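The structure appears right after this line, and notes come after that.
Read-outs throughout are calculated quantities, based only on the coordinates presented, and are distinct from any laboratory measurement. Here the structure is a predicted model, which means the values were calculated and not measured. For neighbour counting, all protein chains shown are included, and Cβ atoms are generated from backbone atoms with ideal geometry for every residue, glycine included.
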Amino acid sequence: MRHPTPRGANSAPSQRPLADTRAPDEGDGVDTSPGISDSIAKTTCYMCACRCGIDVHIKDGKVRYINGNKDHPVNRGVICGKGSSGIMQHYSPARLKKPLLRTGPRGSGAFHEIEWEEAFSIATQRLSAIRRTDPKKLAFFTGRDQSQSLTGWWASQFGTPNFAAHGGFCSVNMAAGGLYSIGGSFWEFGEPDWDNTRYFMLFGVAEDHDSNPIKIGLGKLKARGAKVVSINPCRTGYNAIADDWIGIRPGTDGLLVFAIIHELLKAGRVDLDYLLRYTNAHVLVVQEPGASDDGLFVRDADGNPLAMDRVEKTAIKATDPEAKPALTGSFEVGGCRCTPVFQLIADRYLDDSYAPDAVAERCGIAADTIRRIAAELAHVAFEQTIELAIAWTDWAGRRHETIKGRPVSMHAMRGISAHSNGFHSCRAIHLLQVLLGTVDVPGGFRFKPPYPRSAPPGPKPAGKTVKPMTPLDGMPLGFVCGPDDLLVDEDGTPTRIDKAYSWDAPLAAHGLMHTVIRNAWAGDPYPIDTLMMYMSNMAWNSSMNTVETMRMLTDHDEAGNYKIPFIIYSDAYYSETIPFADLVLPDTTYLERHDCISLLDRPISHADGPGDAIRHPVVEPDRDVRPFQSVLIELGARLGLPGFVGEDGAARYADYADYIVNHERTPGIGPLAGWRGKDGTSIGKGEVNPNQLQRYIDNGGFWHHDFADDQRYYKMANRSYLDFAVQMGFIPKAEPIVFQLYCEPLQRFRLAARGHGRVLPPEAERQRIETYMDPLPFWYMPFEEAAVDLEKYPLHALTQRPMHMYHSWGSQNAWLRQITSQNRLFVHHRTGAGLGLVDDDWVWIESINGKVKGQIKLVDGVNESTVWTWNAIGKRRGSWGLKDDAAESHRGFLLNHIIGDQTSADAQGKRYSNSDPVTGQAAWFDLRVRIVKCRAEEAGFTEPQFERFSQPPHFEPSLDILRFGAEFRRAREAAE
Amino acid sequence: MHPAFSVVFFTTATGAGYGLLALLGVLAGLQIVPADFWLGFVGLGLALGLIAAGLLSSTGHLGRPERAWRAFSQWRSSWLSREGVSSAITFIPAGLFGLGWVLLGRTGGWVAIAGLLAAIGAIVTVCTTGMIYASLKPIAQWHSRYTLPAYLIFAAMTGSVLLNALLQGFGVGSVAVLVLSLLATLAGWGWKLATWRHNDRLEIPTTANTATGLAGGTVRSLEWPHTEENYLLKEMGFRIARKHGAKLRMLTQGLAFALPVLLLAATFALPWPFGAIPSVLAAIVQFAGMLVERWLFFAEAKHTVTLYYGR
Amino acid sequence: MTCLPKHPDKKLGLVIDLDTCVGCQACVTACKEWNTGGHMAPLTDIDPYGGHVDGVWFNRVHSYEHTTEMGGRTVNFPRSCLHCETPACVTVCPTGASYKRTSDGIVLIDEDKCIGCKLCSWACPYGAREFDTDVGVMKKCTLCVDRIYNDNLAEEDRVPACVAACPTSARHFGDLGDPQSAVSQLVAERGGVDLMPELGYQPTNKYLPPRTHTQRGASVPAKALEPVRAEGGFLGWVDRMLSN
């Protein structure tokens, strides 16, 4: 089995097997060739959101060992700390065993077990009543869901617009910021060109998003000696290995980026040619204050944006390949004053308010450092240009003999995302990348197919009309292009329970899961009947203001009924949220189920080609549990939802596996793109192939298509790529994708705020819309910082998940919890000294929303005005199969308790959700705190403490001694 | 280092036992101590009893005591194995010596030779015990020229004080033995003080820098690999507060050295049977003091692995 | 046999790149997972779901803050058996349970001979020995001796589990006794170091120090940016550039 060329990420000569792997004759009796497994099943990991390929070694029906799949495009054989601990997740004592029906008060954990038939019948009865009367009274929100193309479609078929997953409280600022700017985004829909980058900037990336691909990439950069610059208040994880760590003050990344842009513009270090070819920098913007089209693009009769030809001095189609458009100046077209986008950009960012000296103090970064970074970026981008000797043809048919690249790349994530100014900060980073000409070029930031798509992508959110027994006219989540696309009624009241796509959060492309419980409790905008959730710990670490959230989940109306009448929840484990459910549908572990990681959702593509993957059951469940997706499909059939039953009313799909193979979203396009067509020879589009799943299993659980060399770069304007994308159904037409430096849809909202258009914001919302829907990115102080007394709350407080638990359910995992079962608050030495604190002191961490108690650890590697802790280590007693003395419940704490889920009241007394005003992204990292040493008698345990949950029926006490693996050895030795 | 009672008791008891055995072997063989059944029975019984109890106690430290016999095999490299071999071999001359001196009431001749061999065995065994500790480079407080002499001196000290107590108890007190025990106690005291002085001024070249290979500046532990204590920390990460340590050093000095010196001095002044009381008391008090000393020997020893944990 | 081989045929070991390690714990759990069912199975966990959880692990990752005149750096530091050339953990063993292999230099424990005296753990300055209180014997890193020669694994997979798993490629494996081997070359090139060299254990495993503090860090020879010198400032420059 020797492979001609070494496979996988770790295949350097210093990482290969010995030249001669025959066991030496040591004579010590060691069995150097023990048998390992009876079979190896190749499937997809689900220990986090990365979707790595794994080889599961099965021995005597038990999982012996899991390692990375060397052929898999995501992880190329490596596996992270979570992935290798999958065994302990799979055999967790916290696994639910049977459907549960609540018997005690909500939140107590008192349940009795019921049969699946009863569970289905309760749910069906409830949901069919809702569907017959008012479908939006079902709110269906899924957490770390990797089946959103199914769950969203189910909601759509049910007829409720109230659907979203966890993106709204995770990273929608990054998704929307990217998709509205360049038609792709960090992480899911793009990645740095790890093989060619020479200068890499990492903004606000903790230990996460994504896991193995970033780590593999960083390893490549390090091996090549490329420079890594991290912009992060905390010097941990990826930031620890940066050549340059810039310990920025939280929430000021946008300012830093604008200062860099300021420097680059001033020095003329921008790629004008790139801007003209691939962006709207030359598009003319109406400059007629007060007019109804002020700030919109100047367009021709067909709606094409226009530019000014600087030679002919006439307005021309901006995409005319023959044109020589102006980037600066002021013109009059058709009696209307206008100016190119680039002129607006120069006007704004050349302003002295964005000079390094003007921002240095607020960012906590020396002005010289900012100037140095700008100079380094310019140097690498313009002096170390790459040219790959590959000819390609652009959309207009122009042949290029080489592929040119500027080897600067960037990646940004939650540190940008989780602030109330995150959308604009994210756009700022994309603006910087585009000005340097580094998007989808060698060495730059590259799109992952099916992206790029038009900015923003096509479908708009459905749900304008909600009628009984009627599916929505599309998917619940989409992209708005102006006020007309909002989901609001005549007087501006939101249509959706989470207020997504309302004036509160117009571009809420992922919904606002974090607002659902409060809104449902308050009946604002309307009461609901049933809240159905999947795989998200909303009564604990996935909610802001946890204490209040738990109260809202258990609150009664005057008649003594729960304010949120019915809660259905599906999860595999006994989390802190299970006890708040009325009906619990126990899910399987990831090794017991089918899944598909679909191009319709978030696939496993990388920049060199599209891919998708499956999970398939590699071991049989030993409990009465069912995969949620199959349950949802059966529920759909029982409810008679149109897509889920045939014309005869019979179930259309037996289960999720059947759906994966046979469902077609549009003719020829289904959940999986590989091996389509009857004989399995088509990709992308093609007839249903009944053997498709087997083909995936035979191929290691995934499908991947590798681009031809000339398709790999400039995908936004590369004819060969665009044609392929059309053929695959990624985009409707082979037209170039124009980067929207100036985001016209935002201006449409602004115009509405000025009274123009059909759908207008309520008076009280107009100022807010005017301010934040700025078509060019800008910086503003995060809301909490702007609202609180900074002398009283002088510190920023952040959280990050440890790498070995990111996007995972770590704390019932016997191995991972040993690494971190309690958390400290990390405080800078000087800050601690100023407060008279020493290591291990117990402190109160107080915000305007409340206080928690924890223990501190003094460190150097953190911004001085920032404290932080590992997130979601604190667990509630009685949950996750942990014993009552587990450190998680008395030496672990959550900052969630003191993060408000609402902003402070504005002048009108209105409180918004604690979110970005553009996208509704939860602003976790806006938190401001003070720390106060606690009294001696208060030390020793964290607070708040909560009542212990009862245990579900038939839960056995967790093991005292875990001897996992002893059985494999016994079997080996017995066989000898 | 974690002061496990099994090991603290083991080294203290065997030290005293071998000290006593060696003295009995030499002195009885050379007819300095008279052959008396009850004296011999109690004396040798005490010596061998302490040794056996100590060895038995040490097996309490073992994860698999039923395999203890395997420890005799690696005498070529392992001081622990040598200790095992030596202690086992010593039982042979000690047994013969007991047979001759106690049961047959004989001295001289083969009994003297057996006594001498038992003494040599005892000394060798104490040396091997000392070398177990002295050879451990990761523990600077042990890996010093003070450790081996300390084991020998303390064996001689506790052994002689015990012997004196015995002789006094049986009314056959010997001024020479009394003087020897007094001098040995003073020597032990001095050696202990010198050892502490040495340890307190130790400049250990192994630091967090060399432990991590991170040159220059300071290396500070940020996070442990696991948030709870593990075997390494439980076994080798034992810490004792300086204040607490100082108190225990005072206690050691009082019990192991100062009080015995006073009691032994008092013995000079008192006629039999009254002289026996302070002598026996001295032995008991000193044994207790040596337990404290040995506890501190462990508690104050710092293993290099603690550098990884910022301790 | 606890006497050390005079000249092991090979010196197999690991090279760990501290410049690249992000502290993700992948090597830690990959090691645990392989070995808990492997040669020294199980790697017992005491009180796995309680307040005094304490498991056997062959590889643990610390983190440190290293501060010098050149600034501060957070360093993630994996720690496991270094398979020393003169390992006192072997020579102190009274039973012969602990031994160093002549053929490849791997330090192993024969569990059947171990009496659990723990002396080897005292003799190891690096904390590489792990006592399994449940079984009563000492356990330790085997350098995946049951992987690197395992006929039941594809040839390409015959590397230690930690090396195969490491997502940042911070771990390397090979014969450090052969100066021509890829690992030896890597050590030479990057200035790899021994841990606690002053104790004289002569560890086989080497650590590659972070580049930032060794003047080996990546740097960009960028000149300070100068404002464009063109009539009309930046906009004038844009016009000039476009008309060229």
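Using amide H atoms built 1.01 Å from N in the peptide plane, name the residues 5+ places from residue C:131, or on other chains, whose amide H lies under 5 Å from its own.
Here C:139 satisfy the definition.
Could you please report the charge total around residue A:466, scoring K, R as +1 and D, E as -1 over all other residues with beta-carbon less than 10 angstrom from its beta-carbon? Intermediate values should be presented prior to the final figure.
Values: positive: A:136, A:137, A:464, A:467, A:496; negative: A:134.
After counting each charged neighbour, the total is +4.
Quick check for me: using +1 on Lys/Arg Cβ and -1 on Asp/Glu Cβ, what's the dipole size of the protein assembly as shown about its Cα centre, in debye to the nearest 20?
Working: 152 positive and 162 negative charges, 713 e Å.
It comes to approximately 3420 debye.
Let me have the 222 nm mean residue ellipticity of chain A computed from DSSP H runs of 4+ only, each contributing -39500 (n - 2.57), with the sum over all residues rounded to the nearest 500. List each step's numbers first, then the result.
Details: 26 runs with 230 residues, N = 976.
My calculation for chain A gives -6500 deg cm²/dmol from helical runs alone.
Any idea which of C:222, C:83, C:137 is furthest toward the positive side of the dipole for chain C, if Lys and Arg beta-carbons carry +1 and Asp and Glu beta-carbons -1?
C:222
Can you tell me what share of the DSSP beta bridges in region A:788-938 is antiparallel? A percent to the nearest 5 is fine.
About 65 percent, rounded to the nearest 5.
Kirkwood hydrodynamic radius (Cα pairs, Å) of chain B? Could the numbers behind the result be given before it?
Working: mean 1/r = 0.0488 Å⁻¹.
Kirkwood hydrodynamic radius for chain B: 20.5 Å.
Using mean Cβ contacts within 10 Å as the protection proxy, how do A:304-317, A:24-37 order, highest first? Write down the numbers at each step before the final one.
Details: A:304-317: 18.1, A:24-37: 15.6.
My ranking of the peptides, most packed first, is A:304-317, A:24-37.
Counting only Cα, what are the radius of gyration and maximum Cα-Cα distance Dmax of region A:815-904, in Å?
Computed over the Cα atoms of region A:815-904, radius of gyration and Dmax are 14.0, 41 Å.
Can you find, among A:206, A:297, A:777, the residue sitting farthest towards the positive end of the charge dipole of chain A, where Lys and Arg contribute +1 and Asp and Glu -1 at Cβ?
Result: A:206, furthest along the dipole toward the positive end.
For region A:75-171, state the average projected area of the convex hull of the C-alpha atoms over all orientations, rounded to one decimal in nm². Display every interim value, and only then the final one.
Details: hull surface 38.1 nm².
That works out to 9.5 nm².
Give me a single rounded figure for A:208-218: the average over its residues of other chain Cβ atoms within 10 Å of their Cβ. Before the final figure, lay out the partial values.
Numbers: counts 0, 0, 0, 3, 5, 1, 3, 9, 4, 2, 6.
That average works out to 3.
Rg to Rh for region C:12-208: what is it, with Cα atoms only and Rh by Kirkwood?
Values: Rg = 16.6 Å, Rh = 17.4 Å.
On the Cα set of region C:12-208, Rg over Rh gives 0.95.
Would you calculate the volume per residue, in Å³, of the smallest convex hull containing every Cα atom of the protein assembly as shown?
Details: hull volume 284.5 nm³, N = 1531.
Residue-normalised Cα hull volume stands at 186 Å³.
In deg cm²/dmol, rounded to 500, what helix-only [θ] at 222 nm does chain C give when every DSSP H run of at least 4 residues adds -39500 (n - 2.57) and the total is split over its residues? Kindly include the intermediate steps, with their values, before the conclusion.
On the way: 6 runs with 44 residues, N = 244.
Mean residue ellipticity, 222 nm, calculated: -4500 deg cm²/dmol.
Quick one: net charge of residue A:149's neighbours, Cβ under 13 Å, K/R +1, D/E -1? Before the final figure, lay out each step's value.
Values: positive: A:602, A:665; negative: A:145, A:595, A:601, A:612, A:664.
Net of charged neighbours comes to -3.
Using a Gaussian network model of chain C with C-alpha springs under 10 Å, which one of C:82, C:153, C:12 is most mobile by mean-square fluctuation?
The residue that fluctuates most here is C:153.
Pull up all non-local amide H partners of residue C:175: gap of 5 or more, or a different chain, and H-to-H distance under 5 Å with H placed in the peptide plane.
Counting only residues 5 or more places away or on other chains, the set is C:183.
Please enumerate, by chain and number, the aspartates and glutamates with C-alpha under 17 Å from the C-alpha of residue A:313, excluding those fewer than 8 residues away in the same chain.
Correct list for residue A:313: A:300, A:322, A:332, C:239.
Choose one of A:455, A:358, A:370: the residue whose Cα lies farthest towards the positive end of the charge dipole of region A:330-459 (beta-carbon charges +1 Lys, Arg; -1 Asp, Glu; about the Cα centre).
A:455
Just check region A:788-938 against the gyration tensor rule for me: Cα atoms, a ≥ b ≥ c as the square roots of the eigenvalues, rounded for a/c under 1.5, and otherwise prolate or oblate depending on whether a/b exceeds b/c. Walk me through the numbers on the way to the answer.
On the way: a/c = 1.79, a/b = 1.22, b/c = 1.47.
Oblate, because a/c is 1.5 or more while a/b does not exceed b/c.
Would you give the gap between the C-alpha center of region A:429-468 and the C-alpha center of region A:131-160, rounded to a whole Å?
25
Under 5 Å between amide H atoms, partner at least 5 residues away or on a different chain: which partners does residue C:61 have, H built in plane at 1.01 Å?
Close amide H contacts, sequence-distant or interchain: C:79.
With the cut-off at 20 Å, tell me which of the pairs A:324/A:715; C:10/C:100; A:227/A:715; A:59/C:139; A:404/A:715; A:220/C:32 have Cα atoms farther apart than that.
On the way: A:324/A:715 23 Å; C:10/C:100 11 Å; A:227/A:715 26 Å; A:59/C:139 23 Å; A:404/A:715 13 Å; A:220/C:32 26 Å.
Beyond 20 Å between Cα atoms: A:324/A:715; A:227/A:715; A:59/C:139; A:220/C:32.
Could you work out, residue by residue across C:171-179, how many beta carbons of other chains sit within 10 Å of that residue's beta carbon, and then give the average as an integer?
On the way: counts 3, 6, 6, 7, 2, 0, 0, 1, 0.
Counting Cβ atoms of other protein chains within 10 Å of each residue's Cβ and averaging gives 3.
In whole Hz and in residue order, list the ³J(HN,Hα) couplings for region A:11-23 that follow from phi through the Karplus curve 6.51 cos²θ - 1.76 cosθ + 1.60, θ = phi - 60°; x for Gly and Pro.
10, 4, x, 7, 10, 8, x, 4, 4, 10, 9, 5, 5
Among DSSP bridges having both ends in region C:12-208, what percentage is antiparallel? Round to the nearest 5. Provide the component values of the computation, followed by the final result.
Details: 25 of 28 bridges.
Expressed as a percentage, antiparallel bridges in region C:12-208 total about 90.
Helix C:26-35: angle to the longest alpha-carbon principal axis of chain C, degrees 0 to 90, nearest 10?
Long axis of C:26-35 versus the principal axis of chain C: about 20 degrees.
Within 10 Å, at most 14 other Cβ atoms, and a DSSP state outside H, G, I, E, B define an exposed site. Report the longest part of chain C free of exposed trypsin sites (Lys or Arg not before Pro). Write down the numbers at each step before the final one.
Details: sites that count: C:6, C:223, C:229.
The longest uninterrupted stretch comes out as C:7-222.
Can you order the peptides B:170-183, A:553-566, C:192-205, A:831-844 by their average number of other Cβ atoms within 10 Å per residue, highest first?
So the peptides B:170-183, A:553-566, C:192-205, A:831-844, ranked by packing, come out C:192-205, B:170-183, A:831-844, A:553-566.
Whole Å is fine, so just give me how far the alpha carbon centre of region C:103-130 lies from that of region A:672-698.
54
Rounded to the nearest 500, what is chain B's calculated 222 nm mean residue ellipticity when only DSSP H runs of at least 4 contribute -39500 (n - 2.57) each, over all residues? Provide the component values of the computation, followed by the final result.
Values: 12 runs with 204 residues, N = 311.
Mean residue ellipticity, 222 nm, calculated: -22000 deg cm²/dmol.
Using a 10 Å cut-off around each Cβ, can you sort C:114, C:124 from fewest to most neighbouring Cβ atoms?
Numbers: C:114 27, C:124 31.
So the ranking, lowest neighbour count to highest, is C:114, C:124.
Mind sorting A:328, A:515, A:465, A:319 by how few other Cβ atoms lie within 10 Å of their own Cβ, fewest first? Walk me through the intermediate numbers first.
On the way: A:328 21, A:515 31, A:465 11, A:319 18.
The order, fewest Cβ neighbours first, is A:465, A:319, A:328, A:515.
How shielded is B:54-63 by partner chains, expressed as the average number of their Cβ atoms within 10 Å of its Cβ atoms?
Numbers: counts 0, 0, 0, 0, 1, 2, 0, 5, 7, 13.
Whole-number average of other-chain Cβ neighbours for B:54-63 is 3.
Quick one: Kirkwood hydrodynamic radius for region B:44-141, alpha-carbon pairs, angstrom, one decimal? Before the final figure, lay out each step's value.
Numbers: mean 1/r = 0.0685 Å⁻¹.
Its Kirkwood hydrodynamic radius stands at 14.6 Å.
Using Cβ contacts closer than 10 Å as the measure, can you line up A:11, A:904 from fewest to most? Walk me through the numbers on the way to the answer.
Numbers: A:11 18, A:904 15.
Lowest count first: A:904, A:11.
What net charge do the residues around residue A:81 carry, taking every other residue with its C-beta under 13 Å from that of residue A:81, with Lys and Arg at +1 and Asp and Glu at -1? Spell out each step's value before the answer.
Numbers: positive: A:82, A:215, A:801, A:817, C:32, C:60; negative: A:207, A:208, C:33.
Every neighbour counted, the sum reads +3.
If you average the alpha carbon positions of region A:773-819 and of region A:291-326, how far apart do those two centres end up, in angstrom?
Value for the Cα centre distance between the two parts: 43 Å.
Please identify the DSSP H helices in chain A that span no less than 30 Å along the helix axis (Cα) and have a mean Kyte-Doolittle hydropathy of -1.0 or more.
On the way: long enough: none.
Span-like helices, by this rule, are absent here.
If packing is taken as the average number of other Cβ atoms within 10 Å across a peptide's residues, how do C:39-48, A:772-781, B:203-212 rank, most packed first?
Numbers: C:39-48: 23.9, A:772-781: 21.2, B:203-212: 16.9.
Highest mean packing first, the order is C:39-48, A:772-781, B:203-212.
Looking at the protein assembly as shown, send over the antiparallel percent of its DSSP beta bridges, to the nearest 5.
Values: 104 of 148 bridges.
In the protein assembly as shown, DSSP labels about 70 percent of beta bridges as antiparallel.
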